[in-house]
2 protein chains.
Amino acid sequence: MQELVVATRNKGKLKEIKQMLHKRGLEIEVRGLEEFPSIGEVPEPGETFEENAIFKARFVAQRLGRIVLSDDSGLEVDALNGRPGVYSARFSGEGATDERNNAKLLEMLRSVPPHKRGAQFRCVMVLYSPEGDYVLTQGIWRGRIATEPSGDGGFGYDPIFIDEEKGMTAASMDMETKNRRSHRGRALLKISTLMENFFAMVQKG
Amino acid sequence: MQELVVATRNKGKLKEIKQMLHKRGLEIEVRGLEEFPSIGEVPEPGETFEENAIFKARFVAQRLGRIVLSDDSGLEVDALNGRPGVYSARFSGEGATDERNNAKLLEMLRSVPPHKRGAQFRCVMVLYSPEGDYVLTQGIWRGRIATEPSGDGGFGYDPIFIDEEKGMTAASMDMETKNRRSHRGRALLKISTLMENFFAMVQKG
(Lines give C-alpha, C1' and ligand atoms only; values in the text may rest on other atoms or scores of the structure.)
Protein backbone atom coordinates (compact mmCIF):
# COMPACT_ATOMS: atom_id res chain seq x y z
CA MET A 1 0.00 0.00 0.00
CA GLN A 2 1.15 3.56 -0.73
CA GLU A 3 2.32 5.52 2.26
CA LEU A 4 1.77 9.18 2.83
CA VAL A 5 3.39 11.14 5.64
CA VAL A 6 1.39 14.14 6.83
CA ALA A 7 3.70 16.89 8.08
CA THR A 8 1.75 17.66 11.22
CA ARG A 9 1.64 16.81 14.89
CA ASN A 10 -1.84 18.33 15.20
CA LYS A 11 -4.08 15.35 15.96
CA GLY A 12 -7.26 17.13 14.91
CA LYS A 13 -5.78 17.92 11.51
CA LEU A 14 -4.41 14.41 11.01
CA LYS A 15 -7.77 12.88 11.86
CA GLU A 16 -9.59 15.14 9.39
CA ILE A 17 -7.14 14.31 6.61
CA LYS A 18 -7.29 10.55 7.25
CA GLN A 19 -11.06 10.58 7.21
CA MET A 20 -11.26 12.57 4.01
CA LEU A 21 -8.77 10.40 2.10
CA HIS A 22 -10.46 7.19 3.17
CA LYS A 23 -13.85 8.59 2.23
CA ARG A 24 -12.42 9.31 -1.22
CA GLY A 25 -11.60 5.61 -1.47
CA LEU A 26 -7.85 6.18 -1.71
CA GLU A 27 -5.90 3.17 -0.51
CA ILE A 28 -3.16 5.09 1.20
CA GLU A 29 -1.68 4.54 4.62
CA VAL A 30 -1.59 7.93 6.30
CA ARG A 31 1.05 8.49 8.96
CA GLY A 32 1.56 11.56 11.13
CA LEU A 33 4.83 13.08 12.28
CA GLU A 34 4.54 11.59 15.76
CA GLU A 35 5.60 8.30 14.13
CA PHE A 36 8.89 9.91 13.06
CA PRO A 37 10.57 11.26 16.17
CA SER A 38 13.81 11.82 14.23
CA ILE A 39 12.11 14.81 12.61
CA GLY A 40 12.38 17.54 15.20
CA GLU A 41 10.37 20.70 15.24
CA VAL A 42 9.36 21.68 11.70
CA PRO A 43 9.97 25.40 11.14
CA GLU A 44 7.40 27.73 9.54
CA PRO A 45 9.65 30.53 8.36
CA GLY A 46 7.45 31.95 5.61
CA GLU A 47 5.32 35.04 5.31
CA THR A 48 2.59 33.32 3.32
CA PHE A 49 0.64 30.07 3.66
CA GLU A 50 2.19 29.00 0.37
CA GLU A 51 5.78 29.46 1.53
CA ASN A 52 5.11 27.66 4.80
CA ALA A 53 3.28 24.72 3.26
CA ILE A 54 6.06 24.18 0.70
CA PHE A 55 8.78 24.60 3.30
CA LYS A 56 7.26 22.08 5.71
CA ALA A 57 6.61 19.48 3.02
CA ARG A 58 10.12 19.81 1.56
CA PHE A 59 11.73 19.69 5.00
CA VAL A 60 10.08 16.38 5.85
CA ALA A 61 10.24 14.83 2.34
CA GLN A 62 13.98 15.42 2.04
CA ARG A 63 14.70 14.02 5.49
CA LEU A 64 12.50 10.92 5.19
CA GLY A 65 12.80 10.28 1.44
CA ARG A 66 9.03 9.82 1.28
CA ILE A 67 6.05 11.54 -0.26
CA VAL A 68 4.70 14.12 2.15
CA LEU A 69 1.45 16.05 2.47
CA SER A 70 1.50 19.34 4.34
CA ASP A 71 -0.92 22.14 4.84
CA ASP A 72 -0.65 25.63 6.13
CA SER A 73 -3.86 27.36 6.96
CA GLY A 74 -5.32 30.12 9.01
CA LEU A 75 -8.00 32.68 9.49
CA GLU A 76 -8.16 35.93 7.52
CA VAL A 77 -10.45 38.51 9.14
CA ASP A 78 -11.75 41.27 6.85
CA ALA A 79 -11.83 43.93 9.60
CA LEU A 80 -8.18 43.16 10.42
CA ASN A 81 -6.96 43.33 6.83
CA GLY A 82 -6.47 39.60 6.63
CA ARG A 83 -4.86 39.07 10.02
CA PRO A 84 -4.06 36.83 11.86
CA GLY A 85 -3.26 34.98 8.58
CA VAL A 86 -0.05 32.96 8.82
CA TYR A 87 0.18 33.93 12.48
CA SER A 88 -3.18 32.34 13.33
CA ALA A 89 -1.72 29.65 15.60
CA ARG A 90 0.62 32.11 17.33
CA PHE A 91 -1.83 35.01 17.53
CA SER A 92 -1.85 35.36 21.31
CA GLY A 93 1.94 35.17 21.54
CA GLU A 94 4.21 32.94 23.63
CA GLY A 95 2.39 29.84 24.87
CA ALA A 96 -0.60 30.53 22.60
CA THR A 97 -3.55 28.16 22.94
CA ASP A 98 -6.75 27.90 20.93
CA GLU A 99 -8.67 29.43 23.83
CA ARG A 100 -6.37 32.43 24.18
CA ASN A 101 -6.30 33.02 20.42
CA ASN A 102 -10.09 32.97 20.26
CA ALA A 103 -10.38 35.26 23.27
CA LYS A 104 -7.91 37.74 21.81
CA LEU A 105 -9.72 37.85 18.48
CA LEU A 106 -13.16 38.31 20.09
CA GLU A 107 -11.76 41.13 22.19
CA MET A 108 -10.26 42.87 19.14
CA LEU A 109 -13.58 42.65 17.31
CA ARG A 110 -15.71 43.62 20.31
CA SER A 111 -17.03 46.82 18.76
CA VAL A 112 -17.30 45.47 15.20
CA PRO A 113 -20.96 45.02 14.12
CA PRO A 114 -22.21 41.72 12.61
CA HIS A 115 -22.16 42.85 8.95
CA LYS A 116 -18.48 43.78 9.24
CA ARG A 117 -17.35 40.53 10.87
CA GLY A 118 -16.68 38.71 7.59
CA ALA A 119 -13.73 36.33 7.56
CA GLN A 120 -12.34 33.33 5.74
CA PHE A 121 -10.34 30.27 6.51
CA ARG A 122 -7.68 29.70 3.89
CA CYS A 123 -5.77 26.46 3.37
CA VAL A 124 -2.79 25.80 1.14
CA MET A 125 -2.02 22.12 0.74
CA VAL A 126 1.13 20.61 -0.76
CA LEU A 127 1.95 17.09 -1.92
CA TYR A 128 5.73 16.82 -2.20
CA SER A 129 8.15 14.19 -3.52
CA PRO A 130 11.75 13.77 -2.31
CA GLU A 131 12.91 14.76 -5.85
CA GLY A 132 11.27 18.19 -5.53
CA ASP A 133 8.18 17.66 -7.67
CA TYR A 134 4.97 18.84 -6.05
CA VAL A 135 1.31 19.77 -6.30
CA LEU A 136 -0.18 22.78 -4.49
CA THR A 137 -3.90 23.44 -4.01
CA GLN A 138 -5.87 26.12 -2.21
CA GLY A 139 -9.18 26.10 -0.41
CA ILE A 140 -11.22 28.97 1.02
CA TRP A 141 -14.15 28.87 3.46
CA ARG A 142 -16.04 32.15 3.76
CA GLY A 143 -17.91 32.95 6.95
CA ARG A 144 -18.23 35.35 9.84
CA ILE A 145 -16.75 35.73 13.31
CA ALA A 146 -19.21 35.01 16.13
CA THR A 147 -19.51 37.16 19.26
CA GLU A 148 -18.90 34.20 21.55
CA PRO A 149 -17.59 30.63 21.17
CA SER A 150 -19.92 27.71 20.61
CA GLY A 151 -19.56 24.02 19.78
CA ASP A 152 -16.97 21.57 21.03
CA GLY A 153 -15.75 19.88 17.84
CA GLY A 154 -12.86 20.86 15.59
CA PHE A 155 -9.90 22.92 16.75
CA GLY A 156 -8.33 26.35 16.36
CA TYR A 157 -10.82 29.10 15.58
CA ASP A 158 -13.65 26.66 14.83
CA PRO A 159 -15.74 27.72 17.88
CA ILE A 160 -15.97 31.34 16.72
CA PHE A 161 -16.21 30.85 12.92
CA ILE A 162 -19.79 30.81 11.64
CA ASP A 163 -20.67 29.16 8.33
CA GLU A 164 -23.45 31.49 7.10
CA GLU A 165 -25.29 28.92 5.04
CA LYS A 166 -25.42 26.37 7.84
CA GLY A 167 -25.93 29.05 10.49
CA MET A 168 -23.59 27.38 12.94
CA THR A 169 -19.96 27.48 13.98
CA ALA A 170 -17.41 25.10 12.51
CA ALA A 171 -17.02 23.59 15.99
CA SER A 172 -20.75 22.74 16.03
CA MET A 173 -20.65 20.65 12.84
CA ASP A 174 -20.15 16.93 12.65
CA MET A 175 -16.82 16.13 11.03
CA GLU A 176 -18.37 15.00 7.75
CA THR A 177 -20.24 18.26 7.25
CA LYS A 178 -17.18 20.27 8.20
CA ASN A 179 -14.91 18.36 5.83
CA ARG A 180 -17.35 18.86 2.95
CA ARG A 181 -17.43 22.64 3.45
CA SER A 182 -14.10 23.58 4.95
CA HIS A 183 -11.05 25.22 3.41
CA ARG A 184 -9.01 22.10 4.21
CA GLY A 185 -11.66 19.82 2.79
CA ARG A 186 -11.73 21.74 -0.48
CA ALA A 187 -7.96 21.89 -0.85
CA LEU A 188 -7.67 18.19 0.00
CA LEU A 189 -10.46 17.18 -2.37
CA LYS A 190 -8.58 18.88 -5.19
CA ILE A 191 -5.20 17.45 -4.31
CA SER A 192 -6.67 13.99 -3.85
CA THR A 193 -7.79 13.91 -7.50
CA LEU A 194 -4.12 14.08 -8.50
CA MET A 195 -2.76 11.82 -5.78
CA GLU A 196 -2.78 8.43 -7.47
CA ASN A 197 -1.10 9.79 -10.59
CA PHE A 198 1.40 11.67 -8.45
CA PHE A 199 2.45 8.46 -6.67
CA ALA A 200 2.76 6.72 -10.04
CA MET A 201 4.81 9.60 -11.46
CA VAL A 202 7.23 9.55 -8.54
CA GLN A 203 7.67 5.79 -8.73
CA LYS A 204 8.46 5.88 -12.42
CA GLY A 205 11.12 8.51 -11.68
CA MET B 1 -10.79 20.76 -26.78
CA GLN B 2 -8.77 21.82 -23.74
CA GLU B 3 -6.56 24.84 -24.22
CA LEU B 4 -3.17 25.35 -22.71
CA VAL B 5 -1.25 28.61 -22.89
CA VAL B 6 2.52 28.22 -22.77
CA ALA B 7 4.14 31.25 -21.12
CA THR B 8 6.91 31.67 -23.66
CA ARG B 9 7.75 33.61 -26.79
CA ASN B 10 10.65 31.26 -27.51
CA LYS B 11 9.65 29.44 -30.68
CA GLY B 12 12.11 26.60 -30.16
CA LYS B 13 10.71 25.91 -26.72
CA LEU B 14 7.09 26.12 -27.87
CA LYS B 15 7.75 23.70 -30.72
CA GLU B 16 9.41 21.18 -28.38
CA ILE B 17 6.52 21.35 -25.93
CA LYS B 18 3.88 20.99 -28.63
CA GLN B 19 5.60 17.97 -30.10
CA MET B 20 6.01 16.26 -26.75
CA LEU B 21 2.39 16.77 -25.68
CA HIS B 22 1.04 15.52 -28.99
CA LYS B 23 3.33 12.52 -28.85
CA ARG B 24 1.88 11.74 -25.44
CA GLY B 25 -1.54 11.63 -27.09
CA LEU B 26 -2.92 14.56 -25.10
CA GLU B 27 -5.73 16.30 -26.93
CA ILE B 28 -4.80 19.80 -25.92
CA GLU B 29 -4.56 22.88 -28.06
CA VAL B 30 -1.23 24.51 -27.22
CA ARG B 31 -0.93 28.26 -27.71
CA GLY B 32 2.12 30.46 -27.26
CA LEU B 33 2.25 33.97 -25.86
CA GLU B 34 2.58 35.53 -29.30
CA GLU B 35 -1.16 34.88 -29.65
CA PHE B 36 -1.83 37.11 -26.64
CA PRO B 37 -0.29 40.50 -27.37
CA SER B 38 -2.10 42.04 -24.38
CA ILE B 39 0.40 40.23 -22.15
CA GLY B 40 3.47 42.44 -22.29
CA GLU B 41 6.92 41.39 -21.27
CA VAL B 42 6.75 38.67 -18.59
CA PRO B 43 9.21 39.45 -15.77
CA GLU B 44 11.60 36.86 -14.32
CA PRO B 45 12.33 38.43 -10.96
CA GLY B 46 13.38 35.30 -9.07
CA GLU B 47 16.69 33.96 -7.88
CA THR B 48 15.78 30.34 -8.58
CA PHE B 49 14.24 28.45 -11.49
CA GLU B 50 11.38 27.56 -9.18
CA GLU B 51 10.54 31.17 -8.30
CA ASN B 52 10.72 32.26 -11.93
CA ALA B 53 8.62 29.41 -13.28
CA ILE B 54 5.89 30.01 -10.69
CA PHE B 55 6.01 33.77 -11.20
CA LYS B 56 5.67 33.55 -14.98
CA ALA B 57 2.84 31.02 -14.86
CA ARG B 58 0.91 33.00 -12.24
CA PHE B 59 1.43 36.28 -14.10
CA VAL B 60 -0.10 34.91 -17.29
CA ALA B 61 -2.80 32.73 -15.66
CA GLN B 62 -4.17 35.61 -13.61
CA ARG B 63 -4.25 37.98 -16.58
CA LEU B 64 -5.81 35.53 -19.05
CA GLY B 65 -7.95 33.48 -16.66
CA ARG B 66 -6.64 30.33 -18.34
CA ILE B 67 -4.52 27.33 -17.43
CA VAL B 68 -0.89 28.11 -18.16
CA LEU B 69 2.27 26.05 -18.54
CA SER B 70 5.60 27.72 -17.92
CA ASP B 71 9.14 26.58 -17.60
CA ASP B 72 12.30 28.12 -16.37
CA SER B 73 15.49 26.37 -17.21
CA GLY B 74 19.17 26.87 -17.64
CA LEU B 75 22.62 25.44 -17.53
CA GLU B 76 24.51 24.73 -14.30
CA VAL B 77 28.24 24.28 -14.85
CA ASP B 78 30.14 22.39 -12.13
CA ALA B 79 33.37 24.37 -12.54
CA LEU B 80 31.40 27.62 -12.13
CA ASN B 81 29.54 26.51 -9.00
CA GLY B 82 26.29 26.16 -10.88
CA ARG B 83 26.47 29.34 -12.94
CA PRO B 84 25.06 30.65 -15.21
CA GLY B 85 21.91 29.08 -13.68
CA VAL B 86 18.91 31.41 -13.75
CA TYR B 87 21.03 33.90 -15.69
CA SER B 88 21.66 31.47 -18.55
CA ALA B 89 19.78 33.50 -21.15
CA ARG B 90 21.35 36.80 -20.01
CA PHE B 91 24.85 35.44 -19.40
CA SER B 92 26.64 37.70 -21.87
CA GLY B 93 24.84 40.83 -20.65
CA GLU B 94 22.87 43.48 -22.53
CA GLY B 95 21.75 42.23 -25.97
CA ALA B 96 22.74 38.64 -25.12
CA THR B 97 22.37 36.08 -27.92
CA ASP B 98 22.84 32.32 -27.91
CA GLU B 99 26.11 32.74 -29.84
CA ARG B 100 27.54 35.28 -27.40
CA ASN B 101 26.49 33.25 -24.38
CA ASN B 102 28.13 30.13 -25.79
CA ALA B 103 31.30 32.05 -26.70
CA LYS B 104 31.54 33.58 -23.23
CA LEU B 105 31.13 30.20 -21.53
CA LEU B 106 33.71 28.49 -23.76
CA GLU B 107 36.15 31.31 -23.05
CA MET B 108 35.64 31.02 -19.28
CA LEU B 109 36.27 27.28 -19.43
CA ARG B 110 39.21 27.52 -21.83
CA SER B 111 41.74 26.09 -19.36
CA VAL B 112 39.36 23.56 -17.77
CA PRO B 113 40.27 19.96 -18.72
CA PRO B 114 37.61 17.53 -20.08
CA HIS B 115 37.05 15.61 -16.84
CA LYS B 116 36.20 18.85 -15.02
CA ARG B 117 33.73 20.16 -17.63
CA GLY B 118 30.67 18.47 -16.11
CA ALA B 119 27.40 20.40 -16.30
CA GLN B 120 23.66 19.93 -16.22
CA PHE B 121 20.62 21.45 -17.77
CA ARG B 122 17.88 21.92 -15.19
CA CYS B 123 14.23 22.59 -15.97
CA VAL B 124 11.43 23.54 -13.60
CA MET B 125 8.00 23.29 -15.17
CA VAL B 126 4.75 24.65 -13.73
CA LEU B 127 1.11 24.04 -14.65
CA TYR B 128 -0.96 26.83 -13.09
CA SER B 129 -4.67 27.52 -12.74
CA PRO B 130 -6.21 31.01 -12.40
CA GLU B 131 -7.35 30.04 -8.87
CA GLY B 132 -3.76 29.50 -7.74
CA ASP B 133 -3.60 25.71 -7.77
CA TYR B 134 -0.53 24.30 -9.48
CA VAL B 135 1.80 21.41 -10.23
CA LEU B 136 5.60 21.80 -10.35
CA THR B 137 8.03 19.24 -11.77
CA GLN B 138 11.78 19.18 -12.26
CA GLY B 139 14.03 17.61 -14.86
CA ILE B 140 17.81 17.32 -15.00
CA TRP B 141 20.06 16.40 -17.95
CA ARG B 142 23.65 15.63 -16.98
CA GLY B 143 26.41 16.15 -19.52
CA ARG B 144 29.62 18.00 -20.26
CA ILE B 145 30.63 21.27 -21.91
CA ALA B 146 32.32 20.83 -25.31
CA THR B 147 35.41 22.78 -26.36
CA GLU B 148 33.70 24.10 -29.48
CA PRO B 149 30.11 24.31 -30.77
CA SER B 150 28.65 21.65 -33.03
CA GLY B 151 25.23 20.83 -34.46
CA ASP B 152 22.59 23.21 -35.74
CA GLY B 153 19.42 22.02 -34.01
CA GLY B 154 17.95 23.19 -30.71
CA PHE B 155 18.68 26.56 -29.14
CA GLY B 156 20.54 28.15 -26.24
CA TYR B 157 23.55 26.18 -25.05
CA ASP B 158 22.61 23.07 -27.07
CA PRO B 159 25.65 23.37 -29.44
CA ILE B 160 28.16 23.12 -26.58
CA PHE B 161 26.36 20.64 -24.28
CA ILE B 162 27.47 17.03 -24.81
CA ASP B 163 25.24 14.14 -23.81
CA GLU B 164 27.90 11.61 -22.66
CA GLU B 165 25.88 8.51 -23.44
CA LYS B 166 25.04 9.62 -26.98
CA GLY B 167 28.46 11.20 -27.48
CA MET B 168 27.03 14.21 -29.28
CA THR B 169 25.84 17.71 -28.49
CA ALA B 170 22.18 18.48 -27.83
CA ALA B 171 22.20 20.56 -31.04
CA SER B 172 23.26 17.48 -33.03
CA MET B 173 20.29 15.36 -31.97
CA ASP B 174 17.03 15.00 -33.81
CA MET B 175 14.22 16.56 -31.80
CA GLU B 176 12.73 13.23 -30.79
CA THR B 177 15.98 11.99 -29.26
CA LYS B 178 16.54 15.32 -27.53
CA ASN B 179 13.03 15.40 -26.08
CA ARG B 180 13.41 11.87 -24.74
CA ARG B 181 16.63 12.74 -22.91
CA SER B 182 16.45 16.42 -22.08
CA HIS B 183 15.71 18.21 -18.82
CA ARG B 184 12.61 19.77 -20.40
CA GLY B 185 11.46 16.45 -21.80
CA ARG B 186 11.71 14.80 -18.39
CA ALA B 187 9.93 17.61 -16.55
CA LEU B 188 7.21 17.71 -19.20
CA LEU B 189 6.74 13.94 -19.22
CA LYS B 190 6.11 14.06 -15.49
CA ILE B 191 3.76 17.03 -15.60
CA SER B 192 1.87 15.54 -18.54
CA THR B 193 0.89 12.50 -16.45
CA LEU B 194 -1.08 14.85 -14.18
CA MET B 195 -2.42 17.14 -16.89
CA GLU B 196 -5.78 15.57 -17.69
CA ASN B 197 -6.71 15.30 -14.01
CA PHE B 198 -5.52 18.85 -13.45
CA PHE B 199 -7.85 20.19 -16.15
CA ALA B 200 -10.72 18.17 -14.66
CA MET B 201 -9.93 19.44 -11.17
CA VAL B 202 -9.93 23.06 -12.30
CA GLN B 203 -13.19 22.67 -14.19
CA LYS B 204 -14.96 21.15 -11.18
CA GLY B 205 -13.79 24.13 -9.16
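The values are calculated or read from the model by the stated rules, or taken from the named source; none is laboratory data. Every value quoted in this text rests on a predicted model; they were computed, and no experiment measured them. Here Cβ is always computed from backbone atoms with ideal geometry, including for glycine, and neighbour counts include all displayed protein chains. Side chains are part of the model used for accessible areas, which takes the heavy atoms of the whole protein and leaves out ligands, DNA and RNA. Shrake-Rupley method; radii C 1.70, N 1.55, O 1.52, S 1.80 Å.
Things to note:
- Test: A:L69 is under 16 Å from the mean Cα position of the chain (by Cα), within 14 Å of another protein chain (Cβ to nearest Cβ) and among the hydrophobic types (A, V, I, L, M, F, W, C): no
- Per the conditions (1) charged (D, E, K, R); (2) farther than 25 Å from A:T137 by Cα; (3) within 14 Å of chain A (Cβ to nearest Cβ), the sole criterion not satisfied by B:D158 is (3).
- Single residue of B:G85, B:G46, B:G32, B:G65 found to be among the small types (G, A, S) and open to solvent by 20 Å² or more (accessible area, probe 1.4 Å): B:G65
- Exactly one residue out of B:F121, B:F91 is of a type outside the set (G, A, S), touching a Ser or Thr at 6+ places or on another chain (Cβ under 9 Å) and either within 14 Å of another protein chain (Cβ to nearest Cβ) or more than 30 Å from A:D71 (Cβ to Cβ) (or both): that is B:F121.
- Every test in (1) at pLDDT 95 or above; (2) of a type in the set (S, T, Y); (3) over 30 Å from B:F55 (Cα atoms) is passed by A:T48 save one, and that test is (3).
- When region B:185-200 is limited to residues that are open to solvent by 10 Å² or more (accessible area, probe 1.4 Å) and in contact (Cβ under 8 Å) with a residue 40 or more places away in the chain, the one that is nearest to the other protein chains (Cβ to nearest Cβ) turns out to be B:K190.
- Qualifying residue in region B:78-88 (condition: in contact (Cβ under 8 Å) with a residue 60 or more places away in the chain and closer than 30 Å to A:G139 by Cα): no
- Candidate set: region A:68-82, residues that are of a type in the set (A, V, I, L, M) and farther than 15 Å from A:G156 by Cα; chosen: the one surrounded by the most Cβ atoms within 10 Å (Cβ to Cβ): A:L69
- Restricted to region A:74-191, the set of strands (runs of 3 or more DSSP E) holding at least 2 residues that are under 20 Å from A:T8 (Cα atoms) comprises A:118-128, A:134-145.
- Residues that are touching a residue at least 24 places away in the same chain (Cβ under 8 Å) and in a loop (DSSP other than H, G, I, E, B) within region B:7-41 comprise B:A7, B:T8, B:R9, B:N10, B:R24, B:L26, B:E27, B:F36, B:S38, B:I39, listed in sequence order.
- Within region A:108-151, being open to solvent by 50 Å² or more (accessible area, probe 1.4 Å) and in contact (Cβ under 8 Å) with a residue 40 or more places away in the chain holds for A:R122, A:E131, A:I140, A:T147, A:E148, A:P149.
- Residues that are within 20 Å of A:P43 (Cβ to Cβ) and touching a residue at least 24 places away in the same chain (Cβ under 8 Å), drawn from region A:89-100: A:A89
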